[in-house]
Amino acid sequence: MWINVPVIRREMTTYSGNVWPFLGREPELRAILAARDDRGGGVVLAGAGGVGRSRLAREALGRLGPARECWVAATRAGAAIEFGAFVHLLPDDAGPDRLEVMRRLARRFQEMPGAVLVVDDAHLLDPASAAFVHHVATRELAFLVVTRRTGEPVCDAIAALTKECLLARIDLAPLGPAVVTELLDVHFGHWLDAVSRRELARLSGGHPLMLRELLHALQESGTLRRVGGVWRWDGVLTVTRRLSETLDEQFPDAGERVRAVLETVACAEPVPVAVLDRVVDDADAPAAAEQRGLVTVETSAGGRRVARIAHPLHGEVIRVTLSAARARTLWTRLSGVIEPGEPGRTWPLDAEVPIEPDRLLRAARTALARHDLGTAERFARARGAAADLLLAEILTRQGRYEDAADVLARCPGSARRAIVWAVVSYWGRSDVAAADRALAEATGRAEEAEVVRCWMLLLEGRVEEADKTAKAVLRGPGCPRACLVWAAACVIAAAGLRGRLGEAAQTYASFHGTPARFAYCLALLVNGQPCDARPLIGQGDEGPPAVVGLWTACRGAVARAQGEPETAIRALREAVALLDGHDPGHLSPLCQAELTATTALTGTATLTATTTPTALSPAGATAAGGVAAAGGVAGCVVAGGGVQVVGGSVRPLFRPWVELGRAWCVAAGGDTRGAAERARRAADLARHAGQPAVEATALYDAARLGQARAVRARLSVLAAELRTPATSAMTEAANGLARCDPGALERAAAAFARLGLWLHAAEAQSAAARSHRHTGRHAHANRSHEKAALLRARCPGALTPLLDAASPVDVLTRREREVVLLAAAGHRSREIAARLALSVRTVDNYLSRAYTKLGVSGRAALADLLAR
């Protein structure tokens, strides 16, 4: 029987401020070791502050092999003392004579053949110490590892180390995004949402020190929180004393005139250099800031030279800590020469600087187009009554439907107002009749109204009507591009739900925007082609939390379809966290339903879905042209001629998916009969909602849960209608399960494997092995078991009825089984060999073959498998 076994997962860890793992510097480390092997004099590690020079030097020191080691750390305070950095190496009776001190230090290294001398922060050395380091290099008294900060003045003796080719220079660039992501995953146990990860990587600038101090500040200030077990940062930076001191060390005060440049650039970066020259008092200050490495100048896409703060975190701290009076002075200067509304340019509102109404409106629209809804709302409110309709659209995009309704009450009647009111009525209040009436009044904006209508129809499960409505929009002359994009997305989604992948692909080829990409991803997923869907998700980490949350949910759905429940659980929990507080579409219940089903695939009956599906009647349409029933997961709002998806509660379109999630939850609790009945109920819901592709999936789930005979006839009909590879494989597998036909099951397993549906393939191959064994064909059963083990190895953590219906050791020979059981009990190979009268090598060979057959990688995994 299928036993419900709780799955133990490692809980994520909070940031502790301990030593960072050594990541991302392997090429530089190899270069240092190669210099030693080539009998070179050493290396100079040059890089910006916080980039990891000292850490690399320490790692190199530990890898250079048995040697006499000396570590010298220069400081600003020590620079005032001759040989201040080397004082710990000097004998107590060292006199004041500089030449004698150098001789005694040199003699010390002469007496240590193979010595390694690390000089950290050599740009802070006093002249005498710098001269001695140069002497060590010229006389080859030790292998030198010298670190220095770029952009800082150094003594001639240190500069000569590389200028005279005494030491090789290695420049350290900031860590790449992939390495920063790996560092964050180490500290958060892979439980950090994508938006927080992206912002932390951006602010750190690839500097490990900055990342570490930033995380410490967030933990200390309490702005890191856990949502559903996933860490999230709300984007608010509190500058702690420790963070402030760290930044002061990395970016020492460069004087009042340079500080004025930094404050100006921080307020409105990127600032055109021509504008910066006009608003700063000292004409030479921008060049001085750039020379010190505090400001960078780059060429924008438009060919203009613009200035930015060199390190993102430095700029963020300047903005946070800027006094109100100073900020108001700077913003007043900038208000007349820079357009507000771009990223980081909300300063005119903060300074209460008078702004022309047209500029306010442009700023609101600019921010809205960038999905910066908070900024867009501020500018729209500042514009006053003339921007009320735009404000209502912004509020609708935020999911604040009642606030939008209050604003709309002040707006005069118009077609645009009618469309926004339809969105509020349907997605905010589930009032279908009011939404229909509003759309009927949207004369003059017929295309936009029809796009809203087609999405309403789709979400109500009236897929065929939605498809016809959307196609009519695509055929209409002079339709705005934004409307065409959203109508095409509806066509693609409808085609996918109806199993018409060819039509979906053809439409997607003409419309490659984000809505169409998401719809095509959905179409591929519901038709059992996760391998084709995966590449579409690759660029899904950009954008606001709601958008990233959607793509993260898709990533989880792909992982679940391919039989990777642990990966899917991480992604779906992250999606729920991302949508928390950023869920105008009310998509969290759907993500929770997916999470429920995925968790159940690990054998854990944890009910996470919060939405109870209700029965869907095939009847219930309103008057002609209206939209039936209530509820919804996503919707549309028109903004500047465009249509954006927003949302409401769970709609009939998604009820089959929610019901299917509950079916697997029931199955994980041990009631496979009740689970199969729920799966068949989900199939009925999908059939009434015009989703044959989803219906086929639900029917096959019922077959997997023990009712193959009851569903195979309908599956055969659907396979003939849809003619998709996944539906054909499901039909073959269902027939094989119903007739105990191992040949059909093996053919289905091969078809599933070609589609990347590894869990389905493993289940079908396992069922084929049991069918062979049931008919006494043990050799065939063993071969099928071996194939099933290889497939099952691609589905770590999965535990379903078809996988768990037979003992895993059935695939093993008698002798292999004896060895495996003893190994799983904790006996060593030598003990097993003595007990079974075998050699140790033979025992190890048996274990190796058993590992391959069972799809495990060692004794711990073997013990876990047998325990389950």
Average accessible surface area per residue within segment 701-768, 1.4 Å rolling probe, Å²: 34 Å²
Accessible area in the full protein assembly, largest first, 1.4 Å probe, for Val840, Val275, Val186: Val186, Val840, Val275
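Give me the accessible area per residue for segment 144-276, probe 1.4 Å, as a whole number in Å².
On a per-residue basis, segment 144-276 sits at 40 Å².
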Span from the segment 270-301 Cα centroid across to the segment 546-560 one, whole angstrom: 42 Å
Ranked order, Lys471, Lys787, Lys853, Lys163 - accessible area, probe 1.4 Å, largest first: Lys163, Lys787, Lys471, Lys853
Carbon + sulfur, % of accessible area of segment 217-350 - ligands and nucleic acids excluded, 1.4 Å: 46 percent
Label corresponding to semi-axes √(5λ) of the Cα gyration tensor in Å when calculated from the structure given, among [x] 43, 38, 23; [y] 56, 45, 19; [z] 86, 38, 30: [y]
Note, ³J(HN,Hα) from phi for segment 663-677, Karplus 6.51, -1.76, 1.60, rounded to Hz, x at Gly and Pro: 4, 6, 5, 5, 5, 5, x, x, 9, 5, 5, x, 5, 5, 4
Heavy-atom surface of segment 27-97, accessible at 1.4 Å and reported per residue (Å²): 52 Å²
Vicinal HN-Hα couplings computed from phi for segment 392-397 (Karplus, 6.51 cos²θ - 1.76 cosθ + 1.60; Hz; Gly/Pro x): 4, 5, 4, 5, 5, 5
Spatial separation of Cα centroids for segment 813-861 and segment 677-705, in angstrom: 44 Å
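Over segment 415-489, with every protein chain in place, what whole percent of the accessible area is carbon and sulfur at 1.4 Å, could you tell me?
Working: 1370 of 2740 Å².
C and S atoms contribute 50 percent here.
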Solvent exposure, largest accessible area first (probe 1.4 Å, DNA, RNA and ligands not counted), of Ile355, Ile309: Ile355, Ile309
Estimated vicinal HN-Hα couplings, Hz - segment 168-178 in sequence order (Karplus 6.51, -1.76, 1.60; Gly, Pro = x): 7, 9, 10, 8, 9, 8, x, 5, x, x, 5
Under 21 Å from Lys787, Cα to Cα: lysines that are on another chain or at least 8 residues apart: Lys853
Segment 394-529 - percent relative contact order, Cα under 8 Å, separation 6 or more: 15 percent
Protection-proxy order for peptides 138-147, 773-782, 437-446, 286-295, each taking the mean of Cβ atoms within 10 Å per residue, highest first: 138-147, 286-295, 437-446, 773-782
Listed peptides 150-156, 199-205 by packing density, highest first (mean Cβ within 10 Å): 199-205, 150-156
Amide H contacts of Thr602 (H built 1.01 Å from N, under 5 Å, at least 5 apart or other chain): Leu799
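With both bridge residues required to lie in the chain, what share of the DSSP beta bridges run antiparallel, to the nearest 5%?
Numbers: 16 of 37 bridges.
Of all bridge pairs located within the chain, approximately 45 percent are antiparallel.
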For Val145, distant residues with modelled amide H under 5 Å away: Val43, Leu117, Val118, Val119
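The values are calculated or read from the model by the stated rules, or taken from the named source; none is laboratory data. Every value quoted in this text rests on a predicted model; they were computed, and no experiment measured them. So basically every Cβ, Gly included, is an ideal-geometry build from the backbone, and we count neighbours across all protein chains shown. We work out accessible area using only protein heavy atoms, side chains counted, and drop any ligands, DNA or RNA first. Shrake-Rupley method; radii C 1.70, N 1.55, O 1.52, S 1.80 Å.
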